[in-house]
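The values are calculated or read from the model by the stated rules, or taken from the named source; none is laboratory data. Nothing here was measured: the structure is a model prediction, and the numbers come from that model. When we count neighbours, we look across all protein chains shown, and the Cβ atoms used for this are built from the backbone with ideal geometry, even at glycine. Each accessible area value is taken on the protein alone, full model and side chains, heavy atoms only, with ligands, DNA and RNA left out. Shrake-Rupley method; radii C 1.70, N 1.55, O 1.52, S 1.80 Å.
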Amino acid sequence: MAYAAITCLMRTINQSMELTGCDLQPFYAKLESLRAILDESCDVTGDLEALTRLEVEIAEVAYSAEDMVDSKSIKVSLAETAITRTRAFWKLCCSLEQGVERIDSIMKKWMAVRNWYRKIIDLKAQTFSLASTIPEHAVERPEHIMVGHENAFKMMQDQLTRGEREREVVSIVGMGGIGKTTLATKLYSDPFIMSHFDILAKATVSQEYCPRNVLLALLSSTSDEPYDQLADRLQKHLKGKRYLAVIDDIWTTGAWDDIQLCLPDCNNRSRILLTTRNGEVAEYASLEDELISAHKLVELWAVEGFLKVEETKNMEEVAKTCINELIDRSLISNGGKMTSYCKMHDLIRELCLKEARKMNFVNVLRGKSDQNSCAQSIQCSSKSRGRIGIHSEEELARCRSSEAHSIIMLGSFQCFALELPFKLVRVLDLASVDCEAFPSGILHLIHLRYLALCLYPLLKQYRSSEEEIPSSIIDVPSSIIDIPPSISSLCYLQTFILRTPFHFGYGEYPFILPSEILTMPQLRHLHLSWNYLRYYEPTEKSLVLKNLQCLSGWNPFNCTGSAFGLFPNLKKLQISGDPKDFLIRKDQYDFRYLHQLEELEFILSNKAAKCFLERITPSDSTLETPLMLQRIIKQPKLGLSFPPPPDAFPQNLKNLTLKGLFFLLWKDLSIVGKLPKLESLQLINCRGGWEWEVAEEGFLRLKFLLLNQLDILYWSASSDHFPCLERLFLYGCINLDSIPQEFVDITTLTLIDIDRCRKSVGNSAKQIQQDIQDVYGGSIDVHIHRPLSW
């Protein structure tokens with residue numbers, strides 16, 4: 001915590017130097033040396049309450065210094081005369097010097113305590129060395145060695161005996177030899193656990209899995225009965241009883257499928273405890289995971305100052321590396337092959353909350369109905385500079401006077417006039433709160449680094465569940481949702497998220513963005529719903545947003561070279577709008593300045609396209625059919641065609657997504673295939689004709705291909721067209737007859753995932769799987785979901 005706070009203060013000093021042009025480098029260097037001391041391994045274990053208290057104190061001082069730098073730097077930048085500027089800068093330096101000296105003083109105490117702990121450890125080590133000369137038989141050894149697992153044991157004991165009435169799965173995941181079986185055995189034989197359950201059963205699965213032996217172990221039986229009879233007997237034995245089944249050392253999802261069918265859910269708080277080395281098995285067996293947006297995690301880590309960033313890397317790259325390390329250590333897991341989410345199991349989450357509470361790092365406030373004892377015991381201190389997660393309006397009322405560093409609204413909140421008393425907040429996530437207008441109080445929160453808003457206009461009287469919004473409202477977007485130009489006063493803002501509620505359809509209420517939004521130098525991530533930018537013509541003196549990494553929801557109308565020239569380091573770009581917006585731009589996209597762009601996405605809302613087309617030909621009732629939509633979109637007067645000219649695409653592009661009722665010719669995709677670094681292509685709900693005969697050039701670098709809800713009927717391709725393909729996803733392609741059998745020769749192929757397609761498509765995938773095994777001795781995964789009957 002202290003490390004993160006000092007890192008954040010250093011970054012704020014850097015931002016201050018950019019904002020004011022003043023030299024604060026001596027303070028930065030001093031903090032860098034202090035942080036280096038914290039970065040060293042502490043090499044001490046046990047109850048480190050004294051060290052923890054001092055770390056909390058260091059963090060509080062650093063946070064206060066950061067607040068001061070923010071406010072005083074703005075006064076320097078706004079000074080109108082040289083005298084007032086000099087005076088403001090002098091006050092900034094004096095205050096910052098006091099803050100750094102205070103941190104240095106506490107750091108000296110921290111080092112003294114740490115060195116004391118080290119001496120104690122050295123003394124214990126000498127004592128252990130002396131004791132090691134005692135004969136082994138003279139030492140009485142405990143039956144179970146639980147060193148380092150005390151907290152995990154208590155948390156898992158709570159998981160197994162509390163919670164919902166439904167049967168739940170609790171998993172212990174990790175590499176071999178870390179004590180998974182020891183922990184499970186300790187729980188299994190714990191007196192409290194034994195008294196809580198009616199029946200306890202245990203079985204070891206191991207890599208060489210024998211289903212019959214597992215059932216015998218769970219029944220504590222040596223019967224000669226066949227597998228089916230054993231399964232039936234086990235179900236009857238457990239039926240109606242509250243049981244704990246320990247499944248030790250399970251390796252595959254297939255083994256879990258076999259076993260879990262014999263373990264009934266009697267709605268009586270029965271539990272299954274798994275130990276496994278495979279995180280995917282644990283995910284598969286349990287849906288009790290907390291989903292986390294990986295993108296949001298990266299953005300929050302960046303603004304919170306948790307990351308140690310080297311000069312040659314950016315924060316997003318470092319954050320992704322940290323996420324991968326957490327996955328490798330089984331602390332979090334991938335949310336799925338197609339999602340951008342990761343998962344944290346309930347047990348790990350509760351353990352993290354418990355540790356965070358010790359350091360006043362984060363508070364999660366829940367309603368009275370919450371059964372979690374850890375969360376219930378957390379109290380909200382008005383002077384806390386930590387982070388607060390709020391689930392209800394009742395809990396929001398308790399935090400009105402909070403000085404929290406971060407406020408994240410996690411529940412579903414009714415629309416209300418939001419008061420913003422959090423004057424020192426840096427992260428404000430109001431995505432769960434439907435605001436009727438832009439909250440003017442936000443403009444006074446000068447410390448903000450992260451802001452997420454959900455806005456909708458005062459036009460509900462025009463809308464009912466059965467009626468469409470009058471076309472006149474859509475035709476005058478400037479009267480809908482205005483964002484004030486003074487948003488640029490939030491000069492430290494790095495992430496800005498601006499959304500409309502999910503229950504409102506796309507294309508109803510656009511945001512009108514002020515051109516001043518392009519004068520916010522610290523912006524790194526800008527996420528928008530449908531929007532229009534007020535007229536802005538960049539000049540040679542226009543501010544270049546060199547920090548901007550991700551821009552989503554950008555209107556096609558603004559896809560000009562002069563605009564993109566302001567974003568030289570942009571890595572992710574999502575272009576979205578209604579049909580009119582795409583018609584205005586047509587194929588005149590200009591990406592030549594986006595040399596760093598790696599991900600590009602075009603989104604045309606199907607609902608917006610349908611509404612637009614209905615207004616053009618309102619009497620044509622056949623517009624409901626996709627075929628008619630395709631015919632209309634083909635019309636030259638609409639021109640919703642794709643792709644742009646070959647020279648329009650950035651040559652560093654790795655990921656390309658096209659989503660919506662665009663009309664494309666399959667032969668034109670050869671332009672995309674020529675991109676030298678393209679690894680991922682997603683085509684979703686596009687219209688491209690019945691037959692795709694892949695052009696000779698193919699897609700030589702493509703690793704990931706998703707075809708979702710396309711009208712394709714025949715697909716002609718060979719392994720030469722997709723020589724590097726690893727994962728193929730076919731979703732909702734209801735006309736497609738089969739996958740090209742030539743894919744057998746794609747040696748890199750590892751997965752084919754099919755959902756809502758014809759049975760013949762699944763059969764062709766299975767044939768490819770079998771041929772790869774027969775011809776090459778290899779294997780691929782084939783997953784088939786909800787096959788269609790025709």
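So what J values fall out for the stretch 74-85 if you push phi through Karplus, 6.51 cos²θ - 1.76 cosθ + 1.60 with θ = phi - 60°, rounded to Hz, Gly and Pro as x?
4, 5, 5, 5, 8, 4, 8, 10, 5, 5, 5, 5
Please label the shape of the stretch 639-770 as rounded, prolate or oblate, based on the square roots a ≥ b ≥ c of the eigenvalues of the alpha-carbon gyration tensor (a/c under 1.5 means rounded; beyond that, a/b larger than b/c means prolate, else oblate).
oblate
How would you order 206-214, 660-668 from highest to lowest mean count of nearby Cβ atoms within 10 Å?
Output ranking for 206-214, 660-668: 660-668, 206-214.
Given 10 °C and 1.306 mPa s, compute D for the stretch 710-790 with the Stokes-Einstein relation, Rh being the Kirkwood radius over Cα pairs; round to the nearest whole µm²/s.
The diffusion coefficient I find is 126 µm²/s.
Compute the separation of the alpha-carbon centres of the stretch 183-214 and the stretch 49-85 and state it in Å as a whole number.
About 55 Å separates the Cα centre of the stretch 183-214 from the one of the stretch 49-85.
In whole Hz, with x marking every Gly and Pro, tabulate ³J(HN,Hα) for the stretch 776-789 from phi via Karplus 6.51 cos²θ - 1.76 cosθ + 1.60, θ = phi - 60°.
10, x, x, 8, 10, 8, 10, 10, 10, 10, 6, x, 7, 6
For the stretch 690-740, what % of the accessible area comes from carbon and sulfur atoms, probe 1.4 Å? Don't skip to the answer; put the middle values down first.
On the way: 910 of 2080 Å².
Reported share for carbon and sulfur atoms: 44 percent.
Find the Rg to Rh ratio for the stretch 156-233, where Rh is the Kirkwood radius over alpha-carbon pairs and Rg uses the same atoms.
0.99
Could you order S716, S270, S529, S220 so the one with the most accessible surface comes first? Probe is 1.4 Å.
In descending accessible area the options line up as S220, S716, S529, S270.
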